[in-house]
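Input: a single structure, listed below in structure tokens.
The values are calculated or read from the model by the stated rules, or taken from the named source; none is laboratory data. It should be emphasised that the depicted structure is a prediction, and the values quoted were computed from it without experimental measurement. Note that we place each Cβ from the backbone using ideal geometry, even for glycine, and neighbour counts take in every protein chain shown. Protein only, heavy atoms only, side chains kept; ligands, DNA and RNA dropped before computing areas. Shrake-Rupley method; radii C 1.70, N 1.55, O 1.52, S 1.80 Å.
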Amino acid sequence: MVMSLRVSELQVLLGYAGRNKHGRKHELLTKALHLLKAGCSPAVQMKIKELYRRRFPTKMVLTPLGFDSHSTPSPLLPVSLLGPKHELGLPHLPSALHPVHPDVKLQRLPFYDVLDELIKPTSLASDNNQRFQETCFAFALTPQQVQQISSSMDISGTKCDFSVQVQLRFCLSETSCPQEDHFPPNLCVKVNGKPCNLPGYLPPTKNGVEPKRPSRPINITSLVRLSTTVPNTIVVSWTSEIGRSYSMAVYLVRQQSSSVLLQRLRSKGIRNPDHSRALIKEKLAADPDSEIATTSLRVSLLCPLGKMRLMIPCRALTCSHLQCFDATLYIQMNEKKPTWVCPVCDKKAPYEHLIIDGLFMEILNSCVDCDEIQFKEDGSWAPMRSKKVVQEVSASSNGLEGKHNNCSFSCPLIAAVLGCCCSAYNKKVEVIDLTLDSSSEDDNDEEPPPKRACPSLSPTSPPVSKGSVNNSADSLAMMTGKVFKKPEIISIFFFLHFLNIFTVLVFIFPLFLQENDFNLEPEPVAKAVHYF
């Protein structure tokens, strides 16, 4: 009764009792409750009843039975002075005060199997026009239910979990379709006098928007009395909204794991591949009204969630795309944070609408070395290799062909004389230019200085040949002042040098001996060699 008084009425009551009547509403309410617990006089009790009758003229005053601060019966405080939460919790209330059971259905939760309905969906309605509302509910457990909860206890370390749980759910009072979990604003729940932990608020998506709690049920198993004789009470307080009402319900459920849900999805079977082929043909069908025609579709075989190859390709029936995601990862992620949103199109993809794609299962089994495919107009598909792999294959083949062509085209002389000099192409040969002086070694970026012309030769006169081809490569280097750094030119240089030496020893050296009448004795021959 005191809880339903307004600020002006609380000030009148405190002033009548000789207490300080200044402060905010919650301060005045605290002072009035302390006044009642301290034992007020009959005159103060009559004043409270008078103010309450003025506030609610048609309100019936119940038989004075009381509760103390620990919610146990006490003759000191009349129940009519403690407000509507204890009045609604009494079993002898008139039938008009009982909560209404609308035809509200809540959405089925995939990870929870409903075993029993402890409290049917009940409207959170009050009999006054106050903004802050409060209602009390009660339920009792049967011996079988107590046995189910007790036998499902799992104590691991310091945490105690139950696979069979007592679950509290809130939703909007709408009967058009099954409702998802929705918490009233400023909700506060107490189970058997103990506050219940609620899901934390989500960060607001826009500035100025009131934060909301995530849509999920509340596990109150640890606060429930596992007894068949003592009932359990739930006190719910919230802020009412104009034009919107809420409902609550309590269920006995059994929690399931992601592996169980995956097995259930497999048991539903694999969808016929013809359905996916028909969808491909529909997407690639030519539109006569459009100037742009789509002739192919590229689809990845990697899961958009884990960026790994698909193992169990699935998607929702409500999705219009062909891209699939891995069923194992999707169910495991929703086990931690249940959102059930498609990772491809960001639309709702509930567990009941998931299907395993048979066409993608065939593709994954037949194409093991490719991560992307291309669908064609007739419903067929072809693997798509990445650009990196294609470039590497083409580069390696082009490199082999280039080496072969260079050996056969640019080195005909070496190939004809030595047979094959392609091996020299792969070897790095260090070339020392003897035409450069020592000062040019310090500066590699500058060009070597020009060479002086031979004083015996005029610039216009042709070079004089002595009848031999020795030192031809050296003379060529002297004349051009360039360094031959290609392996083919180096091979030519060494071949010509060897040919010069061979010519001198075979042809010129005997003629020289004959012209100078050398004897072919060992000592004269040694002198001749020394002469050379």
Carbon/sulfur accessible area of the stretch 155-284, % of total, 1.4 Å probe, equals 49 percent
Which order do the peptides 311-324, 107-120 take when ranked by the mean count of other beta-carbon atoms within 10 Å per residue, highest first?
-> 311-324, 107-120
Extension gain from Lys105 to Leu302, taking 0.36 nm per residue of separation minus the Cα-Cα distance = 67.1 nm
Residue pairs, from the table Lys25/Lys206; Lys212/Lys348; Lys206/Lys307; Lys31/Lys212; Lys120/Lys268, whose Cα atoms sit over 28 Å apart = Lys25/Lys206; Lys206/Lys307; Lys31/Lys212; Lys120/Lys268
Sort the following peptides by mean Cβ neighbour count (other Cβ atoms within 10 Å, averaged over residues), highest first: 280-288, 496-504.
-> 496-504, 280-288
Accessible area of the stretch 152-305 divided out per residue, in Å², using a probe of 1.4 angstrom | 58 Å²
Proximal charge balance of Ala43 [Cβ under 12 Å; K/R count +1, D/E count -1] | +1
Using only the alpha carbons of the stretch 125-270, determine the length spanned along each of the three principal axes and report them from longest to shortest in whole angstroms.
-> 49, 45, 34
Net charge near Arg108, counting Lys/Arg +1 and Asp/Glu -1 over other residues with Cβ under 12 Å of its Cβ?
-> -2
Counting Lys +1, Arg +1, Asp -1, Glu -1, what net charge surrounds Ser247 among other residues with beta carbon under 14 Å of its beta carbon?
-> -2
Among Ser150, Pro204, Ser176, whose Cα lies farthest out toward the positive end of the dipole of the stretch 142-236, if unit charges sit on the beta carbon of Lys, Arg (+1) and Asp, Glu (-1)?
-> Pro204
